[in-house]
Amino acid sequence: MAPVQVSGPVLTVRRVDAYHALTVVAPAIATEFRPGQFVTVAVGGPESSMLLRRAFSIHDVRPDHGGTIEFVFEANGPGTQWLAGRRSRDLLDVVGPLGRPFPLPREPVSCLLIGSGHHSTALFPLADRLRERGGQIDFMLGAASADRVFGSLRARRTARSATIATDDGSLGARGPITGMLSQVIHEARTDLIYASAPLPVLREVVALAGRYDLPVQALVEQPTACGTGVCMSCVLPVLGSDGITRIARACTDGPVFRADLVRWDDVGTVPFDALGAPGWKPPRVAPAPRAPRGSAHGG
Amino acid sequence: MAADLRARLGHVELPSPILTAAGCAGTGRELAQYIDVAKIGAVVTKSIMLDPRAGRPSPRTAETAGGLLSSVGLQGPGIDAFLQRDLAWLLSRGARAVVSIAGSSPGEYAELAVRLSDAAGVTAIELNLSCPNVEGRGRDFASEPDAAAQVVESVRAAARYDIPVIAKLAPDVADIVTVARACTAAGADALSMINTVPGMVIDTTTMRPALAGGAGGLSGPAIRPIAVRSIWRTRQALPEVPIIGIGGVRTGRDALELILAGATLVGVGTVIFHDPSACARIQRELEDELTARNIDRVTDVTGLAHQPTAPALRRPIP
Ligand SMILES: Cc1cc2nc3c(=O)[nH]c(=O)nc-3n(C[C@H](O)[C@H](O)[C@H](O)COP(=O)(O)O)c2cc1C
């Protein structure tokens, strides 16, 4: 379904450890939402000097007031600080639901959900959907410190296991969450991984999963100016099913990508063999389609 | 009665003077989820080149006070895919398509113009002259009157006679009027102004330039006074030449400001990123602004600010 732009009244803004959770009434978005999708919000009011919409994964939808959505953010800049200062009934310009959601497995399988910091928020509605479909769920949550691990209680409640790691050891094991990945994959007999984390963590998850030949669906957050596909900011190189690398938009082609198709090591660059890269020449005859190169880009 | 917003571009009548600005409306499909693209004046496409283009590395954009710094590098599908997919789609939706083109030599622009002339349904061709001239010293066409005129001349000669050719000018030149004169003398039917203003942002956390490409182009409300002055001076020097005013338009009132300075049509760019339904909203607001001033037709106020005394208003401004 197509995204919509609504002016929705804020219901609540709550502090959740290091983050804020904002709930806004937006029935048209709540009913169409699928896990992995996001919203963008305009910040600073109608005369705002901040022109870029802020993008947030939808963390929760509820049926009250006809349909509400909740998103979680860290108030670490002028836009998010403005959001943190919203009061009940203030109107918010929200666009959504945007982007390609997490694909769901046809069979009930064993799914490992890995999240880091506020990136974890997108995984909770996914977990609910997977559970409804009868799959096994294991959670892994990581962050710098205990107050930045998002949703550890909910993870423990929903999942068969919840493994937590913090850089400073203030919650769970000490160290990066990826340090425990192999062990969890073995114990949980994981069939499929869903990951939502900053790029360096995603890169490592994909590399480790590659060793076990496990498919990964990765939610990539790239800075965007619009969220609707017009500004061309949130780009990354992605391999197409025809074997050609294109500079894709995280907002409309993602934010969820099949991890084996993302050229992780080349994110931020325009690889020389990407369609239309400098020096690239159009083929004289259309080349025969090549199969995607599997997880070879996992490194 | 509501003010009449109808405007003209060449022989084509537009339902309103509000257009998208080049490179800010995707293929049109993205916006069609929020507005009816057939109801705005026209969709100006991103600048199309002969071959597909991957664009610049990222980060490509940074927010500034009231503005946006960007360096996308004309990422695009190339003319073949554009004609097959994007132009066909715009026409199927009943939108008027102004196709922006870019090249590195006058010959490339002309080749693109030929391709567009062979395709049915192109309302106008806009020349993005803010591209390095590889045959010259690598400076942008837009910064050298002769180079800009050469592009206009080659395109005018190659394009079908009834397709208007619009030259899009850059603000960072010694004298925009000189470039405007050169382009109109070479056969440009209209002028667009302004393209982005060169700028730079340094990220104080990484202590490096915020954009991968270092510098970029500034756009958004922050540059509107620069656009107003460029339009004003050009209108003064070339009162007969239609101008598409672009730069920082956020509201119907902003659009009116550019029209009063001398624009016949108005392009909306960066603000679309902030509000995907901006073009439809600004169109509504412009109608209200005109109606509130008891103005019957938007064409009545083009360049009105140049008159020594403003005409007496029959109704107070709200
Ligand atoms: C992300 C971005 C991409 C742009 N792409 C093009 C383009 O392809 N061709 C062009 O002539 N101008 C391009 N422009 C310039 C705009 O069309 C416009 O002239 C400029 O941004 C000023 O208008 P604004 O303040 O309303 O954005 C681009 C601007 C931005 C911000």
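The values are calculated or read from the model by the stated rules, or taken from the named source; none is laboratory data. Quick caveat: nothing in here was measured; it's all calculated off a predicted structure. Neighbour counts are summed over all protein chains in view; Cβ atoms, including those assigned to glycine, are modelled from backbone coordinates with ideal geometry. We work out accessible area using only protein heavy atoms, side chains counted, and drop any ligands, DNA or RNA first. Shrake-Rupley method; radii C 1.70, N 1.55, O 1.52, S 1.80 Å.
Here are some notes:
- Restricting region B:7-18 to residues that are in a loop (DSSP other than H, G, I, E, B) and open to solvent by 40 Å² or more (accessible area, probe 1.4 Å) leaves a set whose member that is farthest from the other protein chains (Cβ to nearest Cβ) is B:11.
- Number of the condition not met by residue B:180 [criteria: (1) away from the ligand (no atom under 14 Å from the Cβ); (2) in a loop (DSSP other than H, G, I, E, B)]: (2)
- Taken together, A:254, A:294 contain a single residue that is closer than 25 Å to residue A:211 by Cβ and modelled with pLDDT under 50, which is A:294.
- Criterion violated by residue B:134 - all others in (1) surrounded by fewer than 23 Cβ atoms within 10 Å (Cβ to Cβ); (2) in contact (Cβ under 8 Å) with a residue 60 or more places away in the chain satisfied: (2)
- Checking residue A:48 against (1) within 14 Å of another protein chain (Cβ to nearest Cβ); (2) open to solvent by 10 Å² or more (accessible area, probe 1.4 Å); (3) in a loop (DSSP other than H, G, I, E, B), the condition it does not meet: (2)
- Sole residue being under 27 Å from residue B:118 (Cβ atoms), crowded, with 24+ Cβ neighbours inside 10 Å and within 13 Å of the ligand (Cβ to nearest atom), chosen from B:48, B:40: B:48
- For region A:209-221, taking the residues that are on the phi < 0 side of the Ramachandran plot and open to solvent by 20 Å² or more (accessible area, probe 1.4 Å), the one that is farthest from the other protein chains (Cβ to nearest Cβ) is identified as A:212.
- Taken over region A:222-238, the residue count meeting the criterion of being at the interface with chain B (Cβ under 7 Å from one of its Cβ atoms), under 19 Å from residue A:259 (Cα atoms) and open to solvent by less than 10 Å² (accessible area, probe 1.4 Å) is 1.
- Test: residue in region B:66-85 that is within 30 Å of residue A:79 (Cβ to Cβ), in a loop (DSSP other than H, G, I, E, B), more than 12 Å from the ligand (Cβ to nearest atom) and in contact (Cβ under 8 Å) with a residue 40 or more places away in the chain: no
- Hey, residue A:58 in a strand (DSSP E or B), away from chain B (no Cβ under 14 Å) and within 14 Å of residue A:93 (Cα to Cα) or not: no
- Subset tally (residues that are within 14 Å of another protein chain (Cβ to nearest Cβ), within 8 Å of the ligand (Cβ to nearest atom) and open to solvent by 20 Å² or more (accessible area, probe 1.4 Å)) for region B:185-221: 2
- Conditions (1) surrounded by fewer than 21 Cβ atoms within 10 Å (Cβ to Cβ); (2) in contact (Cβ under 8 Å) with a residue 40 or more places away in the chain; (3) of a type outside the set (Phe, Trp, Tyr); (4) within 14 Å of chain A (Cβ to nearest Cβ): number failed by residue B:21: (1)
- Strands (runs of 3 or more DSSP E) completely within region A:75-162 that count 1 or more residues being open to solvent by 20 Å² or more (accessible area, probe 1.4 Å), under 30 Å from residue B:65 (Cα atoms) and modelled with pLDDT of 95 or more: A:91-98
- Residue under evaluation residue B:167, criteria (1) open to solvent by 30 Å² or more (accessible area, probe 1.4 Å); (2) within 13 Å of the ligand (Cβ to nearest atom); (3) among the hydrophobic types (A, V, I, L, M, F, W, C), criterion not met: (1)
- Residue within region A:20-43 that is open to solvent by 50 Å² or more (accessible area, probe 1.4 Å) and within 14 Å of chain B (Cβ to nearest Cβ) present: yes
- Any hit, region B:222-237, residues being open to solvent by less than 40 Å² (accessible area, probe 1.4 Å), within 8 Å of the ligand (Cβ to nearest atom) and in a helix (DSSP H, G or I): yes
- Scanning region A:192-208 for residues that are of a type in the set (Val, Ile, Thr) and either within 14 Å of chain B (Cβ to nearest Cβ) or crowded, with 24+ Cβ neighbours inside 10 Å (or both) yields A:193, A:205.
- Within this structure, residue B:113 fails the test of being within 12 Å of the ligand (Cβ to nearest atom), surrounded by 24 or more Cβ atoms within 10 Å (Cβ to Cβ) and not charged (D, E, K, R).
- Residues satisfying the stated conditions in region B:56-110, i.e. open to solvent by 40 Å² or more (accessible area, probe 1.4 Å), within 13 Å of chain A (Cβ to nearest Cβ) and either within 20 Å of residue A:246 (Cβ to Cβ) or of a type in the set (Phe, Trp, Tyr) (or both): B:56, B:57, B:59, B:74, B:80
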